Amino acid sequence: MVYDMLIKGGHVLDPGQDLDGPLDIAIAGGRIVAIEPDIATSEAARTVQVRGPQCYVVPGLIDLHTHVAFGATTPGVGMGCVDPDIGGVGSGVTTLVDAGSVGIANVGVVGAYLRPKTRTRLICFVNVGTYAHTTPAAADVNRLEEIDRQAIARCVQANPGLIGGFKLRLVGPFVHEHGEEVARLSKDIAAEHHLPLMAHIGDRSAPDRQRASDLTRFMLKAFTTGDILTHLCTPHPGGVMDPADAARQTVPELEEARANGVLIDSALGRGNFGYEVARRQAERGVRPDTTSSDLTAGGRNLGVGLLDSMAKFMSLGYSLADVVRMTTTNAARGLGLADQLGAIAIGREADISIFDVVEGKWKFTDTVQHVFTGTKALVPVQTIRGGELFPPDWGPYPWGWLPEEA
């Protein structure tokens, strides 16, 4: 046998590599070694036969914003995190970014316990707040001393390769009052360690919508190349739609930041996605570079996941190629890993997602409980991570993967 595995008969869709049509993919030693129209099954030890006109083979999906520090937060106390292999290879996703579930007080759990047993690639963005989501507090930073620059430096030095970036949430009373100082310090820390800063916008408890908007604009101006704005479509105070503009245009700093190399992410979840906000943005040509799930344990029970996020954007008129690009080549670029992830190419590690596009009339709900419908839902079929095949988990609903019919 020449190949360890052959993926045969699938519609390969990789916008970054201009692949869109029937192709076979051969894998050996955990890497892609051949991409051809017809590879004989006799050449492979194992064949994954892909059937159905709506079954697609795409580069391993990348979820840029999740909460999967499972075991590092205490149930009933901190944020409910999802087991990374349930949110990852069990959900059609090969790479997850944990976006600040834990700060330096608990991030050691990720390196000592999660990564060694997790089959999904797991990248950790540590929260600048020492305790992050491990307490019942709604905000990550409640006083400036909770951002401990010296301790963060010791953490980075003592745990090489563990920290892939930093996360700041522009949320809570202290940040609302002292946001510029918090943003500057967080950005300085990220620059010191040559790592990206991801900033969450949208604060549902903010008492002053204009003040929250001003902080977002300050953050956008402080960003540099490689940083990430997350929750583009939030309906909460602090979003990118200018509250002082009667026409609710986006603040000019958004496209200025994008032009400077800042990645614009949507991170839907159940807490920061407004359908009407996203619709108005789409009408005005304001599109996220990436979409992600903002996956949590509570959100997953309501259907939240990366394929769900992709389907919601398709309900807004985005094409399948658009959402695949957002979750593969664009996400890889945003992580500075475009030479490693997000592509079906010879020599690359064999990270591949296979999913069905299911036609119907599907019911979706946004953050403000607005119900909208879409004609397409996405369901994972098989996931290949590093050449190893993984079946899908049962799904987020009692009945499986498909959303409720509208």
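I need the shape label for segment 1-55. Rule: rounded when a/c is under 1.5, else prolate if a/b > b/c, else oblate, with a, b, c from the alpha carbon gyration tensor.
Oblate.
Non-local amide H neighbours of V12 (under 5 Å, H modeled in plane, Pro and chain starts lacking H): which ones? Those lying under 5 Å, H to H, from V12 are G21, L23, V57.
Which FRET efficiency, nearest 0.05, do A259 and Q157 yield, Cβ-Cβ r, R0 35 Å? With a Förster radius of 35 Å, E is 0.55. Over segment 8-89, Cα pairs under 8 Å with separation of 6+ residues give a relative contact order of 25 percent.
Given a 1.4 Å probe and heavy atoms of the protein chains only, how would you sort M1, M79, largest accessible area at the top? List each step's numbers first, then the result.
On the way: M1 165, M79 45 Å².
The most accessible residue leads, giving M1, M79.
With a threshold of 31 Å on the Cα-Cα distance, the over-threshold entries among K117/K167; K167/K312; K8/K376; K117/K361 are K117/K361.
Once you put a point 7 Å from the Cα of H370 and another 7 Å from the Cα of R284, both along the Cβ direction, what distance in nm separates them? Those two pseudo-labels are separated by 1.4 nm.
Accessible surface of segment 221-378, 1.4 Å probe: 47 percent of it comes from carbon and sulfur atoms.
If you work out Kirkwood radius over Cα pairs in Å from the coordinates, which of (i) 21.3; (ii) 24.7; (iii) 23.2 do you get? The listed entry that was calculated here is (i).
Binning the alpha carbon pair distances of segment 12-90 at 5 angstrom intervals from zero yields the distribution 3, 11, 17, 17, 14, 11, 9, 8, 6, 3, 1, expressed in whole percent. Remark on segment 276-348: Rg and Dmax equal 13.7, 42 Å (Cα only).
The value of relative contact order for the chain, using C-alpha pairs under 8 Å at least six residues apart, is 18 percent.
Sorted largest first by accessible area at a 1.4 angstrom probe radius, with every protein chain in place, the residues I25, I104 fall in the order I104, I25. In the full protein context, segment 337-406 carries 46 Å² of accessible surface per residue, based on a 1.4 Å probe and ignoring ligands, DNA and RNA. By the Kirkwood approach, averaging reciprocal distances over each pair of separate Cα atoms, segment 157-312 gets a hydrodynamic radius of 15.9 Å. Taking a ≥ b ≥ c as the square roots of the eigenvalues of the Cα gyration tensor, segment 106-150 is classed as prolate, since a/c reaches at least 1.5 and a/b is larger than b/c. Label sites at S205 and R184, each approximated as a point 7 angstrom past Cα along Cα to Cβ, lie 2.6 nm apart. Set against the 2.2 N^0.38 Å expectation for a compact globular protein, segment 51-195 has a Cα radius of gyration ratio of 1.12.
Using the Cβ-Cβ distance between A345 and H194 with R0 = 30 Å, the FRET efficiency computed as 1/(1 + (r/R0)^6) comes to roughly 0.65.
The values are calculated or read from the model by the stated rules, or taken from the named source; none is laboratory data. These numbers were taken from a predicted model, which means no experiment stands behind them. Quick reminder, even Gly has a Cβ in these numbers, built from the backbone with ideal geometry, and neighbours come from all protein chains shown. Accessible surface is based on the protein model in full, side chains and every heavy atom, while ligands, DNA and RNA are left aside. Shrake-Rupley method; radii C 1.70, N 1.55, O 1.52, S 1.80 Å.
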